[in-house]
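A quick write-up on the structure given underneath.
The values are calculated or read from the model by the stated rules, or taken from the named source; none is laboratory data. Since the structure is predicted, the reported quantities are computational estimates derived from the model, not experimental observations. We place every Cβ from the backbone using ideal geometry, glycine too, and count neighbours over all the protein chains shown.
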Amino acid sequence: MDAALTDLKALRHDVERGWGLPVTSYSDQDWLCRERAAIFDKSWYYIGMSQTIPAPGDVMLGHAGRIPVIVSRDQSGTLHAMANVCRHRGHPVCLKPGQHRVLSCPYHGWTYGLDGRLRGAPGSEDEADFDKAEFGLRKLSIDTWGPMIFVSADPDARPLIEHYPAFPDVAAQRDFNLDPDAYTYHRRYQATAKANWKIWYDNSLECFHCPHVHGSSFNDAYAVDAADYECLIEDRVVSYHFPPKPQRNANQLQVTWNKHLHLFPGFFVTQQDDIMLVHQMRVIDADTTHVYWDILAEKGADPARVKAWCKIWEDTLVEDKLAVEAVHANVNAQTFTANRYMNSREPVPQNINRWVLDALGAQTS
């Protein structure tokens with residue numbers, strides 16, 4: 001890794017010529033440690049929808065990178081984001097989402113308010129100079145985009161739209177519906193892939209594979225030939241628009257509009273007929289990536305159509321999982337030195353590689 005970083009200029013030159021990052025970057029722990037520090041520890045992460053915690057006392061759980069997260073709504077209705085780590089011995093403070101009057105650690109009984117302030121610590125009355133004000137839960141940065149809640153482990157994180165300067169313009173061009181009353185929460189779908197995050201992410205942000213991998217799922221409902229769809233790429237922001245396609249095979253669903261917006265590294269939202277999908281990727285280790293999709297139904301949508309769309313998207317996710325795990329197994333074998341991308345068909349993966357190198361370069365400068 002150190003040798004590679006000493007010549008970032010050469011790596012960038014290779015990327016411009018169509019080559020990928022060294023295959024060692026998909027399994028090397030040092031690469032991952034540097035990616036965490038340069039990219040993931042400073043990122044914003046989608047945790048959930050505000051409509052799932054509408055009332056005072058509601059709590060949701062998630063992760064901002066490696067950090068376990070509590071998002072709570074206090075009695076005044078204010079949202080708080082905190083590390084789900086007790087300040088006593090490090091046990092998770094909250095084990096289940098839902099309604100909570102307080103957050104009470106099940107290990108030794110330290111109790112916190114919904115704003116993270118320590119309320120009680122058994123035995124603290126016998127400790128000299130013990131100040132409860134010093135032992136609140138670690139506060140995290142929180143932001144929203146419409147009804148979507150984001151958390152960053154970086155306490156000094158810039159607001160979401162400042163972190164991604166191209167985000168407001170691209171989102172405006174796509175005209176996303178951010179009315180929280182436009183959709184109802186349907187379900188969360190989760191999967192863990194035995195694959196490096198860059199392999200998963202390349203696959204998630206290109207549709208060159210769609211006609212081959214998703215013949216009876218995504219490819220059966222959307223126009224996926226390269227000449228059919230539109231892709232916008234700005235600084236760490238990607239957006240797709242897929243047009244409708246003639247009906248074929250046994251699939252009776254007809255999409256009339258479909259738009260995606262991706263924020264590097266790992267969030268995307270899709271709105272289309274009947275449903276909205278909100279997706280977040282989380283890196284577990286160099287060989288493992290976890291993803292979850294919240295699926296929401298458009299108000300007034302036919303439940304049968306919502307169910308059918310969910311089946312298409314879930315089948316698509318399973319097909320992606322099988323594909324990236326097969327790729328990861330071969331990349332790990334290191335029988336070649338780097339991928340050779342098709343620049344005319346895979347511009348987004350090449351931009352991902354540029355953004356990775358830019359972040360690593362900024363971290364070492």
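Determine whether V93 is touching a Gly at 6+ places or on another chain (Cβ under 7 Å), touching a residue at least 40 places away in the same chain (Cβ under 8 Å) and within 26 Å of T289 (Cα to Cα).
no
Which of the residues belonging to region 349-358 are out of contact with any strand residue (DSSP E or B) (no Cβ under 9 Å at 6 or more places or on another chain) and over 11 Å from F264 (Cα atoms)?
R354, D358
Considering only residues that are without any contact (Cβ under 8 Å) to a residue 60 or more places away in the chain, of a type outside the set (A, V, I, L, M, F, W, C) and part of a helix (DSSP H, G or I), which ones fall in region 284-331?
P303, R305, K307, K311, N330 - these are the residues of region 284-331 that are without any contact (Cβ under 8 Å) to a residue 60 or more places away in the chain, of a type outside the set (A, V, I, L, M, F, W, C) and part of a helix (DSSP H, G or I).
What are the pairs with Cβ atoms under 6 angstrom where one residue, in region 120-133, is free of Cβ contacts under 8 Å to residues at least 60 places away in the same chain and closer than 15 Å to S104 by Cβ and the other, located anywhere, is of a type outside the set (F, W, Y) and surrounded by 10 or more Cβ atoms within 10 Å (Cβ to Cβ)? Sequence gap at least six, or different chains.
So the pair list comes out as G120/T111; P122/G109; K132/L118.
Answer yes or no: is there a residue in region 310-319 that is among the charged types (D, E, K, R) and more than 26 Å from T270 (Cβ to Cβ).
From region 310-319, those among the charged types (D, E, K, R) are 311, 314-315, 319; that's our starting set.
Then drop every residue that is not more than 26 Å from T270 (Cβ to Cβ), which leaves none.
No; the residues of region 310-319 include none that is among the charged types (D, E, K, R) and more than 26 Å from T270 (Cβ to Cβ).
Pull out all pairs, ordered by first then second residue, where Cβ-Cβ is under 8 Å, the residues are six or more apart or on different chains, the first lies in region 145-157 and is farther than 20 Å from R282 by Cβ and outside the structural domain of L261 (by TED's automatic domain parsing), and the second is aliphatic (A, V, I, L, M) and part of a strand (DSSP E or B).
P147/M49
Do we have any residue at all in region 31-51 that's under 22 Å from V283 (Cα atoms), more than 22 Å from the chain's Cα centre (by Cα) and part of a helix (DSSP H, G or I)?
no
Can you tell me which residues in region 257-272 are within 18 Å of D302 (Cα to Cα) and either assigned to a strand (DSSP E or B) or not assigned by TED's automatic domain parsing to the domain that holds V237 (or both)?
Passing the criteria: N258, Q271, Q272.
Being closer than 14 Å to I284 by Cα and either out of contact with any helix residue (DSSP H, G or I) (no Cβ under 6 Å at 6 or more places or on another chain) or assigned to a helix (DSSP H, G or I) (or both) is the requirement here; does P54 meet it?
Taking the combined requirement at face value, the residue does not satisfy it.
Does Q363 satisfy the criteria of being among the polar types (S, T, N, Q), at pLDDT 90 or above and not in a loop (DSSP other than H, G, I, E, B)?
So Q363 does not fit the description; no.
Would you check if there is a residue in region 331-340 being surrounded by fewer than 21 Cβ atoms within 10 Å (Cβ to Cβ), over 23 Å from R12 (Cα atoms) and at pLDDT below 90?
Yes, the conditions are met somewhere in region 331-340.
Please state which one of S25, S43, S50 is over 30 Å from W145 (Cα atoms), surrounded by 15 or more Cβ atoms within 10 Å (Cβ to Cβ), of a type in the set (S, T, Y) and in contact (Cβ under 8 Å) with a residue 60 or more places away in the chain.
S25
Please pick out the residue among V318, V306, V356 that is touching a helix residue (DSSP H, G or I) at 6+ places or on another chain (Cβ under 8 Å) and aliphatic (A, V, I, L, M).
V356
Return the residues of region 332-358 that are over 17 Å from the mean Cα position of the chain (by Cα) and not in a loop (DSSP other than H, G, I, E, B); say none if nothing qualifies.
N332, A333, A338, N339, R340, P347, Q350, N351, N353, R354, L357, D358
Only residues that are of a type outside the set (S, T, Y) and either in contact with a Lys or Arg (Cβ under 7 Å, 6 or more places away or on another chain) or not assigned by TED's automatic domain parsing to the domain that holds T316 (or both): list them for region 182-198, please.
Correct list: A182, A191, A193.
Tell me which residues, restricted to region 149-163, are over 30 Å from K299 (Cα atoms) and of a type outside the set (D, E).
Passing the criteria: S152, A153, P155, A157, R158, H163.
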